[in-house]
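Here's the structure, in structure tokens; my notes come after.
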Amino acid sequence: MTGKERGTDVLIDGKIYNLAGEDTDYIQKISGYLNTKMAEVKTSAGYRNLDADYKALLLNLNIADDYFKMKDEAAELRKKCEELEKELYAARHDVASAKMKLENTLRNQR
């Protein structure tokens, strides 16, 4: 951190850290997420008996699990969005075709 940058204080696992970034709200959000994951991991059976490396590994595995689940969910949502966009395009095409037919019908009735 340079002399001009100011960080934001965050509480992670009972310790205060000063972290720098462009968006302090985002830093707080990430810190909150990390605290939640740490609290979840600590409830695992045998957690207290693990050494520090295994505790860190367990936390990392849980975070990676969340990441991949969200990544898969995002891919599914993108796929669904693409399908809905295709349906919308087809519906707009149908409306335009129906409008043209209606205008032709009205024109021919005159």
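The values are calculated or read from the model by the stated rules, or taken from the named source; none is laboratory data. Remember, predicted model here, so these are calculated numbers, not experimental data. Reconstructed Cβ throughout: ideal geometry from the backbone, glycine too, with neighbour counts over all protein chains shown. Note: accessible area is taken over every heavy atom of the protein model, side chains too, but ligands, DNA and RNA are not part of it. Shrake-Rupley method; radii C 1.70, N 1.55, O 1.52, S 1.80 Å.
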Under the helix-only model (-39500 (n - 2.57) for each DSSP H run of 4 or more, divided by the residues of the chain), the mean residue ellipticity at 222 nm, to 500 deg cm²/dmol, is -26000 deg cm²/dmol
For TYR33 the rounded accessible area (nearest 10 Å², probe 1.4 Å, non-protein molecules ignored) is 90 Å²
Under the 7 Å Cα-to-Cβ spin-label approximation, ARG92 and LEU77 lie apart by a distance in nanometres of 2.3 nm
Residues whose built amide H sits under 5 Å from the amide H of ILE12, excluding neighbours closer than 5 in sequence, are TYR17
Counting only protein heavy atoms and leaving out ligands, DNA and RNA, the solvent-accessible surface of ILE16 at a 1.4 Å probe, in Å² to the nearest 10, equals 130 Å²
The helix 24-42 Cα axis meets the longest alpha-carbon principal axis of the chain at an angle in degrees, between 0 and 90 and rounded to 10, of 70 degrees
SASA check, LEU19, accessible area w/ 1.4 Å probe, all protein chains in place, rounded to nearest 10 Å², comes out at 70 Å²
Taking only protein heavy atoms and a 1.4 Å probe, the highest-to-lowest accessible-area order of ASP66, ASP23 is ASP23, ASP66
Sparse-neighbourhood loop hits (trypsin sites (Lys or Arg not before Pro), region 1-75; DSSP loop; Cβ within 10 Å at most 15 others) -> LYS4, ARG6
So for R0 = 35 Å, FRET eff. of ASP65-GLU85 from the Cβ-Cβ r, to 0.05, ends up at 0.70
Classified through the alpha carbon gyration tensor (a ≥ b ≥ c as square roots of its eigenvalues; rounded if a/c is under 1.5, else prolate when a/b is larger than b/c, else oblate), the chain comes out prolate
The percentage of the accessible area of region 1-52 (probe 1.4 Å, all protein chains present) made up of carbon and sulfur atoms, to the nearest whole number, is 52 percent
Computed over the chain: longest principal axis from alpha-carbon atoms vs helix 52-109 long axis, angle to nearest 10 degrees, is 10 degrees
Per the rule of 0.36 nm per residue minus the C-alpha distance, extending LYS99 to THR36 adds in nm 17.2 nm
Taking a straight Cα-to-Cα line shorter than 26 Å from LYS101, and setting aside same-chain lysines fewer than 8 residues away, one finds LYS86
With a 1.4 angstrom probe the carbon and sulfur portion of accessible area for region 53-110, in percent, totals 58 percent
